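One structure is given below, encoded as structure tokens.
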Amino acid sequence: MSTTRGRSTSTEIETRWSDKPTRYKEYGNVKLDTIITGHLTQEQLDAYQQIFRIEEISHYLRLSQQQHRSIINILPSHNIDDSVRYKRDLSPPPKYDNQGNRVNTRDVRIKEDLEKERHQLVELAASSIKDYIAPEDYRKPAKTMEKLYIPVKDYPEINFVGFLIGPRGRTLKRLQDESGARLQIRGKGSVKEGKSVSAIEDKNSTGAESAEDDLHVLITSDSQQKIATAVKLCNEIIEKLIFSPIGQNELKREQLKELAVLNGTLRETKPFDPEAYQKRQQNRFDITTVICKMCGKIGHYARDCKMNNGNYNQYNNTDSYTPRQEDDEGARKRHKTEEVLPPWQQQQQNNKPEPPKANVQLPPWQQNQNTPPPPPPVKLPPAPPVQNKPPPPPISKPAPPPPTQKKQPPPPPKS
């Protein structure tokens, strides 16, 4: 191999496409210009290129079907000089169906690539070009499949399958809901040991194609746009797993948190919020707000009352009632004061006259008692009128006798 001014004169070239340049191209009854003249916007240029490529692919596929020839012999790459050698991509490992026929020949792979490209262009043209009509022989595929290979060989320490599936398959379901496509993990390592490969094979798969292939995500949808969205979401997860530092894998933390929520073992450490605590306490059931219909005490239902002797039906199967908040607070305060009061204050409290009670429904043991009515009040006769009498005369008392004088003894004689 010789070089001239830094250029290689080797007959081996890098391209495999060659055709004679022409001014116009005729594909069936359609004549298209290869040189665009005039002032067109970028949207118009894109639309013209899409239509041109759709007509070109449809023409080659139509000729291959009508003439029963291989698509390889119809493409312009077949009409090159034999003396020129060109590089060709390596063929994948052969795959066979149940009858032993090879299903991934070069002709089949080229047809599938052309059909896939035409389907993408038709979808794009239908969404961007007004009143666009696809070619007559175009048939929209029921499902479009694409394989996204997982780099397990380059990063064997990462569990790609586990992270893509997620806790109880919720990550894979989320990807399907966001993209609208169906995602499946297929290939080597997708099936646990001991399980049959035929149990997961699809009806559309041929033989052991899925099991013998490398680990990949099989994306199936009726729209190429949905497949592109699914590929983008899967690549984001794979990039997070590859480029996340050790111990800082946010995806792993999110999935572990989600699994804890599903198992009911999540413990979040949050600062104390008094308002939220009060709301939770208000929403909780407080047994002290339950008052029995039979004994009138707090903290139990009528069906559990000790006084329940078959009179439960008198209350229309009503267990209890909950008083208003104000009454409940008043009852609590009274209950607390009764418990706290010392004995000498309790005696004073009992000696106080009770206020008149309202019409309160009596408990059953008081309703059944036949207490006699109180006796009527005794009427006393009226007192006689008082007469004004003159005062009685004063009573004269006799005068006291005069005091008697005592005789003094005679003086003693003088000697």
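The values are calculated or read from the model by the stated rules, or taken from the named source; none is laboratory data. All values derive from a computational prediction rather than experimental measurement. Virtual Cβ from ideal backbone geometry, glycine too; neighbours counted across all protein chains shown.
Would you confirm, using the coordinates I've provided, whether Arg170 is more than 22 Å from Gln225 (Cα to Cα) and within 30 Å of the chain's Cα centre (by Cα)?
Working: more than 22 Å from Gln225 (Cα to Cα): yes; within 30 Å of the chain's Cα centre (by Cα): yes.
It is true that Arg170 is more than 22 Å from Gln225 (Cα to Cα) and within 30 Å of the chain's Cα centre (by Cα).
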- request: All but one of (1) of a type in the set (Asp, Glu); (2) modelled with pLDDT of 90 or more; (3) more than 45 Å from the chain's Cα centre (by Cα) hold for Asp81, so report the exception by its number.
  value: (2)
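Looking at Glu275, Glu254, which one is at pLDDT 80 or above and loosely packed, with under 10 Cβ neighbours inside 10 Å? Talk me through it step by step, then tell me what you get.
Working: Glu254 fails: loosely packed, with under 10 Cβ neighbours inside 10 Å.
Testing whether each residue is at pLDDT 80 or above and loosely packed, with under 10 Cβ neighbours inside 10 Å leaves just Glu275.
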task: For Tyr60, state whether it is more than 20 Å from Asp213 (Cβ to Cβ) and of a type outside the set (A, V, I, L, M).
output: yes
message: Within the stretch 204-221, take every residue that is surrounded by 15 or more Cβ atoms within 10 Å (Cβ to Cβ), of a type outside the set (S, T, N, Q) and assigned to a loop (DSSP other than H, G, I, E, B) and give me the one that is modelled with the highest pLDDT.
response: Leu215
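From Arg139, Arg182, Arg174, which residue is outside the structural domain of Lys95 (by TED's automatic domain parsing), out of contact with any Pro (no Cβ under 8 Å at 6 or more places or on another chain) and modelled with pLDDT under 90? Don't jump to the end; show me each part of the working.
Working: Arg182 fails: modelled with pLDDT under 90; Arg174 fails: modelled with pLDDT under 90.
Exactly one of Arg139, Arg182, Arg174 is outside the structural domain of Lys95 (by TED's automatic domain parsing), out of contact with any Pro (no Cβ under 8 Å at 6 or more places or on another chain) and modelled with pLDDT under 90, namely Arg139.
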field: Test: Leu90 is hydrophobic (A, V, I, L, M, F, W, C) and part of a loop (DSSP other than H, G, I, E, B)
entry: yes
message: Need the failing condition index for Ile219 against (1) under 24 Å from the mean Cα position of the chain (by Cα); (2) touching a residue at least 12 places away in the same chain (Cβ under 8 Å), just the number.
response: (1)
